[in-house]
Amino acid sequence: MGILSLLIFIPFFTAMGVVFAPSPKSVRWVSLIGTGIHLILTFFVTIEYFNLASADSQLAIQQLSTKLYMVEKFDWFKSFGIQYYLGVDGISMSMVVLTSIIIFTGVLASWNVENRSKEFFALLLVLVTGVFGVFLSFDLFLFFMFYEVAVLPMYLLIGIWGTGPKEYSAMKLTLMLMVGSALLLVGILALFHASGLHTFDLIQLANVKFPKDFQNWVFPTIFIGFGILGALYPFHTWSPDGHASAPTAVSMLHAGVLMKLGGYGALRIAVYLLPEGAKEWGLFFMGLTTINILYGSLGAIKQKDLKYFTAYSSVSHCGMVLFGVATLNLMGFKGAVLQMFSHGIMTGLFFGLIGMVYGRTHTRIIPEMGGLVKVMPWLGVAFYIGGLASLGLPSLSGFVAESQIFMGGFFGNQWHSVTAMRVLTVLSTMSIVVTAVYVLRGLGTVFLGPIQDKHHEELTDATFTEKLTTGILIFTMFVVGIYPRVLVDMIEPAIYPILNRLNM
Amino acid sequence: MLISWVLVSLLLFSLGIYGVLTRRSAVGLLISVELMLNAAALNLVVFNRFLFASRMDGQILTIFVIALAAAEVLIGMAILVMLFRRKKSVDVTQLSQLKH
Amino acid sequence: MIFYLLTFVILVLALATVLTRHIFRSAIYLMGVLALSAGYYLLLGAEFLAGVQILVYVGGIVVLIVFAVMLTQSQDLIHDHPSRLRKMLGFLTSATFFGVSAWALLNSHLNKNIEMPSDAQFSAQIMGKAFLSTEGNGYILPFELISILLLTVLISGIVLAKKEKV
Amino acid sequence: MHMILNSPWIIPALPLLSFIIVGLFIRPLSPKIAAVVATLSVGCSFLLSLTLAWLFFTGPNPSQLSIPWSFEWLRFQPGLNIQMGFLLDPISAMMLVVVTSVSFLVHLYSMGYMHDDPGYGRFFTYLNLFTFSMLGLVISPNIFQMYVFWELVGVSSFLLIGFYYEKPSAVAASKKAFIVTRFADLGFLVGILLLGFLGYQVQQKLGSSDSLIAGLQSLDFQFLTHPTVLSELSNTGFLAIALVLIYIGAAGKSAMFPLHIWLPDAMEGPTPVSALIHAATMVVAGVYLVARMFPAFSTAPSALEVVSWIGLFTSAFAAIIACTQDDIKRVLAFSTLSQLGYMMFSLGVANLEHPLGYTASMFHLFTHAFFKALLFLGAGAVIHAVHTNDVWDMGGLRKKMPITHATFLIAVLAIAGVWPLAGFFSKDEILTAALEGGHYVHFIGGLAVAGLTAFYMARIYFLTFWGKGRTKATDHAHEAPFVMLLPLLILSVLSISAGWIPFAQYIHPLVQSAQEHSGHHGLNWTVVLSGSSMAAIGLLMSWFLYAQNDFNRVNNWISNFQGLYQVIKKKFYFDEIYLFITHKIIFRLIAGPIAWFDRHAVDGSVNLTGDAVQKSSSIITLIQTGQLQTYGVWFVLGTAVTLIFFWMTLL
């Protein structure tokens, strides 16, 4: 039972623990302790990773295949060449840290879930186990298995504990994600057969030179399969509905982490294994994601419901992640992973706060609320910091990621026409203005100005757990914003193999 | 000749199918089923007689068929009576509660 | 020669049982068909079988059907006239069935003119022995089973048709 | 003493430290201590920057650009690493002194002004944040770090403008300010991207040959203002576009013509804020950026043309509007606009050959910071006394507020450009630069604006301080408390003495080539005469119209060109135009349809697939009629068809 398997299965054991927890009150404490332990373990694993990886960060520049650390590898289904193959490199390490933070704050944010809290926390923890599995597994089959484990509890979580048209949106969300994973499965099996290596091992598959026209159809299949989860333009409609009717912790986890699976998978599998396909389709997806970015932010201006407002903004930010992946150069990839991390934290904060505000005012309609900052200053300030992070204010994590992506988009690469990329980049930089508009308009109406609704006067400010949740997330955003080398040093060595494979 | 015998039993069997598919009354349905069973039994005897004259299996099986036909009609009638008592009619077309 | 005569009559009767609107008349025609098929058995040399046929089929089953017709004398269904669509569909299905099977038969190896072998020695003793013999291709097991079957059918028939306690 | 030279990062660190400590810990406890700590921290950084400037200017190489301290902040690409550091050169030292001094005085002043305000502690935390980000902006060695602090300054101005968050107008004003500057920052960011790309390519090309360049990163100012690099950049053809884009960012922050609408509304914030941010420091950041990139601008003359013409137009445009405004703070806001236009066009007229315009602009920036801050603080004292902004409700405050009156008078004379005061020298330098540079249109424009400035400043002065008190409030107006008067006095002393500092000797564009600096060759007498006469005319005009306390002369002037007067009063309806563009066009015609399109078309198509499956399944269920016979039919037909099908394939 190596450290990485422990990392994956601690949430699972906590889920088991939750099931046997005596009273509903203790359910929360058990899951909190579980995720707390997990957070500490992740912290140590990161330290371990740093002194392991720092040894060969220089020679990472010429590496062709990803250098993995703390590897666990033993056969699972020998006949099919499937192995239980876990490993960690820069990208997955940053994602694991993100998920661990989000689940800890997620559990904190759903502190007062009353009805059937046992099943709620169990499902939440199973979902997170799937997510950790995806980030740490380097065997395609195992990857896909954990991918499904991550997506399925979504249906129950939204269907039972959601609000509004919860059945409809739960159904829509799960069906669309299933379509995504179906495309994914087709891609994975195509890779498995075309490679002729009779193995699902990601690293070995990467060395295979797949024929060009094979790559031309498999790449879009896999990319769109992941794109559906990463809110790619035409397939993003599940995100507003899904998040609007999901309970706080679920939408925190979903927007914060699950949508990152899309970006992560697109980078790790689509671009890494199929470089020719990436060169062929890169510009097309870059155009699509530019629409994604502008469309999402423009759509958010008109939204009346806070959750739709944030869902549209996360559509636009996830579009930026895929935009970074589609630029196919060092800064684009680095920006994509940074954006995944920073957007994860940001949306986690946003949805957590919306849950807290909703818990008090029982309305999410923006015009109905006003002047709340006088009544709940802590939440107001936290909301504003989240908003400023989402519009890319320097010294917050959003800016670091966006500047990398825009710089990458602007510098272009040698396979696509640089002018086209530059035009697309300029178009997507416009999103920083549109984001500023809708963030300030939305938060302005909700928090500033006079109090509109009489009985909003005696609302209370954040309780300790809420302060802890928002505090942790804001602290992380500031750390990444003020001293981005924390993340950049972790991610950069892992990007070079993917880049070298493209230039090969 | 064997082929003519088999063709006849086949024709009888098809008439039985026609009867089953078009009869509206349950009794008519049973009658056609009887017809089909009889055609099948005839077929058995014909094959036994023409191809395996030395053995008796065909005929033994026919006896079993006849026995089964009897049992089948009996059960059919019992259900029919029950049905009639409930629905006051034996029209098969009205029995469509299994639609969806 | 007798074969063709018999076939012609049986087919006419069978058509009648299927097509007549009046249920009672169709039961009678069925009785005719069954009786004449006993004749067939005679033609094929299975006398015992013909006897059984007459006894069980005609005597037992047809009488039962006639009883049923009498019992369910509902006014509306004396004249069973199926709708045009049902007739069309029924005819179409039976025609296709007959066509496909006949076509299969004609193309199969059965189409050679196999004459009726003369040296067939059918007798009731051999059949009786075969029923009760235990070795080889004896039919003791189905024989016992069929008796159990008939017993259960009898009991369940009565239970089903019993008048519910009101 | 030398410690400050090699670890100058203390200067910005102090306000940051006090921002964090005051913001998180002291403010909730007691606002009083919070104010004291905040002011002290800015005070120390003021003293430190003073010593730094003193050491730098009297030191061995006063005109040498050096980066005493920096650390690697963000790695983009091997040739493009962003260093966060401290750049020391004449203009940054000067700006340090200006920012910290004005900020310190404003802190002192707002101790009195904001005395009974509930958000007292919060105000000082925001002020500290602003001072930190402004200092960060001033000392940034590369354009990316400047962008980072550019945004931070934007946010702190957003927070300070929207300080009275209950007032919807203040919220709208802060939102407008942030979005307009954000829009300008978009241009700035795209400029940086383009410049970064061009610089990166030039760095790759030249890096091998020249060791100095190899050491630099492609966004550093040293790199971007390096002559060989600039010649390389200018023949790529994109340099002018990149510089214009960057100028858009500068124009947005310094509220140049197309993006000026947010500055008048920014007066919603408390007066000390307007004094600090919208007079002395933030709005000057744009000028500072253009000055910092001056060598690049001068290699792309077309960009300089843009700078000069926009500068001139804005100064004229704002001066005209200022004459018609009634709100004292709006008049000062428009006067700031026009003075900024002054500085911009003085930069525009200069180039590397005769950099007098550059020095003049910096000199004007230096002096303007003091007397404009003084004007705002004076106005603040007046508003504090009579609790209204409208000039027509004031009057006759001369006797009631003697010290404020005296300091206000000094500032008015300074800005008008009367001889002994600072304004005269800096404005005169600008006009000489325009004249000698051969830009006659700019020279005449400058003169006209000087006259107008004198006119509207005197108008404000006469309306507030002369004549009889027009409302009851003016009767029992009383002098401002001492803590507010002290900054006024200090500033007035500075406004007088600032003119005498031999600026040209210290501040000039750092041209690496050892070209001798053209000394401060005395005053150009023609400019002096024309400038002062224009100022005198302006003063007399407004004395003639407004001092006698009977305003019929003014009214009949206004009456005969009524239409024009209204148009000017409404600020040429620019606010309404922008509002129309944003609300009607962007929100209703773009965002609305997109939201609708998303809800119906894209979402609709998803539901459509759902319904299509539903309908097709309902068609299939028709077969299940529940009747046995139909199943029989389908059963037999099915088998027949499959049999036929298989036979087909077999034959």
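Between rounded, prolate and oblate, where does region D:529-582 land on the alpha carbon gyration tensor, with a ≥ b ≥ c its root eigenvalues, rounded for a/c under 1.5, else prolate if a/b exceeds b/c? The shape class here is oblate. Spatial offset of region B:69-94 relative to region A:262-320 amounts to 66 Å, using the alpha carbon center of each. Taking all Cα pairs closer than 8 Å and separated by 6 or more residues, the relative contact order of region C:1-84 comes to 31 percent. Per-residue Karplus couplings for region A:414-422, computed as 6.51 cos²θ - 1.76 cosθ + 1.60 with θ equal to phi - 60°, are listed in order as 8, 9, 10, 6, 5, 4, 4, 4, 5 Hz, Gly and Pro entered as x.
Accessible surface area normalised per residue over the protein assembly as shown is 37 Å², counting heavy atoms of protein chains with a 1.4 Å rolling probe. For the protein assembly as shown, the average shadow cast by the Cα convex hull is 72.5 nm², which is a quarter of the hull's surface.
Working note: Debye formula, equal point scatterers on the alpha-carbon atoms of chain A, no solvent; log10 I(q)/I(0) at q = 0.10 Å⁻¹ is -0.70. In whole angstrom, region A:10-52 maps to an equivalent ellipsoid with semi-axes of 28, 9, 4, each derived as √(5λ) from the alpha carbon gyration tensor and ordered largest first. Only helices enter the 222 nm calculation for chain A: every DSSP H run of n ≥ 4 contributes -39,500 (n - 2.57), and dividing by all residues gives -24500 deg cm²/dmol, rounded to 500. For chain B, the mean projected area of the C-alpha convex hull, equal to one quarter of the hull surface, is 7.5 nm².
For a test of the definition: using alpha carbon positions, the gyration tensor, and the 1.5 limit on a/c, classify chain C as rounded, prolate or oblate. Judged from the Cα gyration tensor, chain C comes out oblate (a/c at least 1.5, b/c at or above a/b). FRET efficiency for the residue A:452 to residue A:478 pair, using the beta carbon distance and R₀ = 25 Å, is estimated at 0.20. Between residue D:406 and residue A:207, the simple spin-label model (points 7 angstrom out along Cα→Cβ) gives 8.9 nm. With θ taken as phi - 60° and the Karplus curve 6.51 cos²θ - 1.76 cosθ + 1.60 applied, the whole-hertz 3J(HN,Hα) list for region A:334-351 is 4, x, 4, 5, 4, 5, 4, 5, 5, 5, x, 4, 4, 5, x, 4, 4, 5 Hz, x standing for glycine and proline. Nearest 10 degrees, 0 to 90: what angle lies between the long axis of helix D:603-621 and the longest principal axis of chain D (Cα atoms)? Taking the Cα atoms of chain D, the angle to D:603-621 is about 10 degrees.
Net length available on complete extension from residue D:472 to residue D:635 is 48.4 nm, with 0.36 nm assigned per residue and the Cα-Cα distance removed. Here the extension length gained between residue D:620 and residue D:590 equals 6.5 nm, from 0.36 nm per residue of separation less the Cα-Cα distance. Angle of helix B:57-87 to the longest C-alpha principal axis of chain B, folded into 0 to 90 degrees and rounded to 10: 10°.
Chains B and C together bury roughly 7200 Å² of accessible area, counting both sides, with a 1.4 Å probe on protein heavy atoms only. The order of the peptides D:138-146, A:10-18, C:98-106, A:467-475 by mean Cβ neighbours within 10 Å, most packed first, is D:138-146, A:10-18, A:467-475, C:98-106. Computed over region A:233-389, the P(r) curve from all C-alpha pair distances, binned at 5 Å from the origin, holds 2, 10, 18, 21, 18, 12, 9, 5, 3, 2, 1, 0 percent per bin.
Given the C-alpha centroids of region A:112-178 and region B:11-34, what is the distance between them in whole angstrom? Using only Cα atoms, the two centres lie 56 Å from each other.
Region D:288-352 and region D:387-458 have their alpha-carbon centroids 16 Å apart. Relative to the first principal axis of the alpha-carbon coordinates of chain D, what is the inclination of helix D:628-650, with its axis defined by its Cα atoms, in degrees from 0 to 90 and to the nearest 10? On a 0 to 90 degree scale, this one is about 90. For the peptide D:623-633, the mean number of other protein chain Cβ atoms found within 10 angstrom of a residue's Cβ is 6. Burial of accessible area (probe 1.4 Å, heavy atoms of protein chains only) in region A:471-487, relative to its chain alone, reaches at least 40 Å² for A:485.
Given a 1.4 angstrom probe, I'd like the percentage of the accessible area of the protein assembly as shown that is carbon and sulfur, rounded to a whole number. Roughly 73 percent of what the probe reaches on the protein assembly as shown is carbon or sulfur.
Taking all Cα-Cα distances within region C:1-84, those exceeding 18 Å account for 51%.
The shape of region A:365-465 can be summarised by an equivalent ellipsoid whose semi-axes, obtained from the alpha carbon gyration tensor, come to 38, 14, 7 Å from longest to shortest. Across the cross-link table entries A:374/D:570; D:472/D:569; D:372/D:400; D:427/D:472; D:32/D:400, which are compared at the Cα atoms, the separations over 31 Å belong to A:374/D:570; D:427/D:472.
For region D:11-146, the square roots of the Cα gyration tensor eigenvalues, ordered a ≥ b ≥ c, give a/c of at least 1.5 with a/b no greater than b/c, which places it in the oblate category.
Excluding residues on the same chain fewer than 8 positions from residue A:454, give the aspartates and glutamates whose Cα lies under 17 Å from its Cα. Excluding near neighbours in sequence, the set is A:368, D:166. Radius of gyration over Kirkwood radius for chain D, both on Cα atoms: the Rg/Rh ratio is 1.15. Remark: region D:268-364 projects, on average over all directions, an area of 6.0 nm² (convex hull of Cα atoms).
Under the simplified labelling scheme, the residue C:1-residue C:144 pair shows an inter-label distance of 5.1 nm, with each label point 7 Å from Cα along Cα→Cβ. Interface area, chains D and A: about 4800 Å² of buried accessible surface, summed, with a 1.4 Å probe and ligands, DNA and RNA left out. Legend: calculated FRET efficiency, residue C:162 to residue C:104, from the Cβ-Cβ distance at R0 = 45 Å, rounded to 0.05, equals 0.45. Report the FRET efficiency, 1/(1 + (r/R0)^6), for residue A:197 and residue A:485, where r is their Cβ-Cβ distance and R0 is 45 Å, rounded to 0.05. That gives a FRET efficiency of 0.75.
The values are calculated or read from the model by the stated rules, or taken from the named source; none is laboratory data. Source: prediction; values computed, not measured. Reconstructed Cβ throughout: ideal geometry from the backbone, glycine too, with neighbour counts over all protein chains shown. Ligands, DNA and RNA are stripped out before the accessible areas are found, and what is left, the full protein with its side chains, is counted by its heavy atoms. Shrake-Rupley method; radii C 1.70, N 1.55, O 1.52, S 1.80 Å.
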